[in-house]
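> Before anything else, here's the structure in question.
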Amino acid sequence: DQQVKQNSPSLSVQEGRISILNCDYTNSMFDYFLWYKKYPAEGPTFLISISSIKDKNEDGRFTVFLNKSAKHLSLHIVPSQPGDSAVYFCAASASFGQNFVFGPGTRLSVLP
Amino acid sequence: DAGVIQSPRHEVTEMGQEVTLRCKPISGHDYLFWYRQTMMRGLELLIYFNNNVPIDDSGMPEDRFSAKMPNASFSTLKIQPSEPRDSAVYFCASSPGIPNQPQHFGDGTRLSIL
């Protein structure tokens, strides 16, 4: 019973174009969301977060959008660069103290 | 600043052997988490500690798994006896507090049980 879903196991994008990674969740108590990036043989590294009081958060080339009514969030990378090629994990938590629940990840390949 | 440090990076052993994975969290972080990553189940939380006290171990798969945190700078995850299905990458992470604070991950231990 996955509470956080990333339905696309992989995504390929041309360098310079936009990458859009999607994440859906089922638990309406989740109110804080993060995206992590993971390179091979390394641990996940924090990328960007969003609280449920917002619907958008931007940090450089990375923007996360949250649609609470649809229980959906997305990560936009513009423009995509070959160094962005990695596995991206979506994670969610509820503010009453639960830990983060991670999605299964989406492997992004940015082609030169 | 040093990040989360895990050892060993790789471990290969025969089934039935005891395996001990080690983790040093970031200094000052009150929370420590152990995760397991497999192709089938993705990244799953095994156990986490707050101020060295285990808070939630519901993710520990079986009694063969145990975790300790004897002090604020060290934790171990032990598997005894190990089985081939325990083969996975095990990650340790720490954070200053939850909720709403990102966790910082180590680079993981790749465990292979033959």
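The values are calculated or read from the model by the stated rules, or taken from the named source; none is laboratory data. Not measured: the values here are computed from a predicted model. Cβ coordinates were reconstructed from backbone atoms using ideal geometry, including for glycine residues, and neighbour counts include every protein chain displayed.
> Would you be able to tell me the number of residues in the range B:56-66 that are surrounded by 15 or more Cβ atoms within 10 Å (Cβ to Cβ) and either within 14 Å of chain A (Cβ to nearest Cβ) or closer than 25 Å to A:P40 by Cβ (or both)?
4
> Search the range B:22-40 for residues being within 11 Å of another protein chain (Cβ to nearest Cβ) and surrounded by fewer than 18 Cβ atoms within 10 Å (Cβ to Cβ), and hand back the single one that is nearest to B:S95 (Cα to Cα).
Looking at the filtered set, the residue picked out is B:T38.
> Listed residues A:S19, A:S69, A:S74, A:S10; which is in contact (Cβ under 8 Å) with a residue 12 or more places away in the chain and more than 15 Å from A:P104 (Cα to Cα)?
Numbers: A:S69 fails: in contact (Cβ under 8 Å) with a residue 12 or more places away in the chain; A:S74 fails: more than 15 Å from A:P104 (Cα to Cα); A:S10 fails: more than 15 Å from A:P104 (Cα to Cα).
Answer to the selection: A:S19.
> Condition first: modelled with pLDDT of 95 or more and under 26 Å from A:I48 (Cβ atoms). Can you find one or more residues in the range B:71-90 that meet it?
Looking for residues that are modelled with pLDDT of 95 or more and under 26 Å from A:I48 (Cβ atoms), one finds at least one in the range B:71-90, hence yes.
> Criterion first (of a type in the set (A, V, I, L, M, F, W, C), buried (at least 20 other Cβ atoms within 10 Å of the Cβ) and touching a Ser or Thr at 6+ places or on another chain (Cβ under 8 Å)) does B:L43 satisfy it?
Working: of a type in the set (A, V, I, L, M, F, W, C): yes; buried (at least 20 other Cβ atoms within 10 Å of the Cβ): yes; touching a Ser or Thr at 6+ places or on another chain (Cβ under 8 Å): no.
Here the answer is no, as B:L43 does not meet what is asked.
> Which number in (1) in a strand (DSSP E or B); (2) under 28 Å from B:T38 (Cβ atoms); (3) not β-branched (V, I, T) marks the one condition that A:H76 misses?
Unmet for A:H76, out of (1) in a strand (DSSP E or B); (2) under 28 Å from B:T38 (Cβ atoms); (3) not β-branched (V, I, T): (2).
> Sticking with this one: Quick check: anything in the range A:46-53 β-branched (V, I, T), within 11 Å of chain B (Cβ to nearest Cβ) and within 23 Å of B:V4 (Cβ to Cβ)?
Yes, the range A:46-53 contains a residue that is β-branched (V, I, T), within 11 Å of chain B (Cβ to nearest Cβ) and within 23 Å of B:V4 (Cβ to Cβ).
> Considering (1) under 23 Å from B:L43 (Cα atoms); (2) of a type in the set (S, T, N, Q); (3) surrounded by 21 or more Cβ atoms within 10 Å (Cβ to Cβ), say which one A:S80 fails and leave the rest.
(1)
> Could I ask something else about it? Which condition number does A:N57 fail, the rest of (1) more than 22 Å from B:D56 (Cα to Cα); (2) part of a loop (DSSP other than H, G, I, E, B); (3) free of Cβ contacts under 8 Å to residues at least 12 places away in the same chain; (4) within 14 Å of chain B (Cβ to nearest Cβ) being met?
Here A:N57 meets the rest and fails (2).
> List the pairs whose first member sits in the range B:1-15 and is closer than 22 Å to B:S27 by Cβ, whose second member is surrounded by 13 or more Cβ atoms within 10 Å (Cβ to Cβ) and of a type in the set (K, R), and whose Cβ atoms are under 6 Å apart, counting only residues at least 6 apart or on separate chains?
B:I5/B:K24; B:S7/B:R22
> Can you tell me which residues in the range B:21-61 are free of Cβ contacts under 8 Å to residues at least 60 places away in the same chain, among the hydrophobic types (A, V, I, L, M, F, W, C) and assigned to a strand (DSSP E or B)?
B:W34, B:L43, B:L45, B:L46, B:I47, B:F49, B:V53, B:I55
> Going residue by residue through the range A:91-100, is there one that turns out to be more than 18 Å from B:S94 (Cα to Cα), out of contact with any helix residue (DSSP H, G or I) (no Cβ under 9 Å at 6 or more places or on another chain), within 14 Å of another protein chain (Cβ to nearest Cβ) and surrounded by fewer than 16 Cβ atoms within 10 Å (Cβ to Cβ)?
Looking through the range A:91-100, at least one residue is more than 18 Å from B:S94 (Cα to Cα), out of contact with any helix residue (DSSP H, G or I) (no Cβ under 9 Å at 6 or more places or on another chain), within 14 Å of another protein chain (Cβ to nearest Cβ) and surrounded by fewer than 16 Cβ atoms within 10 Å (Cβ to Cβ).
> Next up: Considering (1) free of Cβ contacts under 8 Å to residues at least 40 places away in the same chain; (2) assigned to a loop (DSSP other than H, G, I, E, B); (3) within 11 Å of another protein chain (Cβ to nearest Cβ), say which one B:D107 fails and leave the rest.
(1)
> Being modelled with pLDDT of 95 or more and within 10 Å of chain A (Cβ to nearest Cβ) narrows it down to one residue among B:V19, B:V4; which is it? Steps first, please.
Details: B:V19 fails: within 10 Å of chain A (Cβ to nearest Cβ).
Exactly one of B:V19, B:V4 is modelled with pLDDT of 95 or more and within 10 Å of chain A (Cβ to nearest Cβ), namely B:V4.
> Please determine whether any residue of the range A:16-39 is within 27 Å of B:R110 (Cα to Cα) and surrounded by fewer than 17 Cβ atoms within 10 Å (Cβ to Cβ).
Scanning the range A:16-39 turns up at least one residue that is within 27 Å of B:R110 (Cα to Cα) and surrounded by fewer than 17 Cβ atoms within 10 Å (Cβ to Cβ).
> On the given criteria, is B:M69 within 14 Å of another protein chain (Cβ to nearest Cβ) and either touching a residue at least 60 places away in the same chain (Cβ under 8 Å) or not acidic (D, E) (or both)?
On the way: within 14 Å of another protein chain (Cβ to nearest Cβ): no; either touching a residue at least 60 places away in the same chain (Cβ under 8 Å) or not acidic (D, E) (or both): yes.
The answer is no for B:M69.
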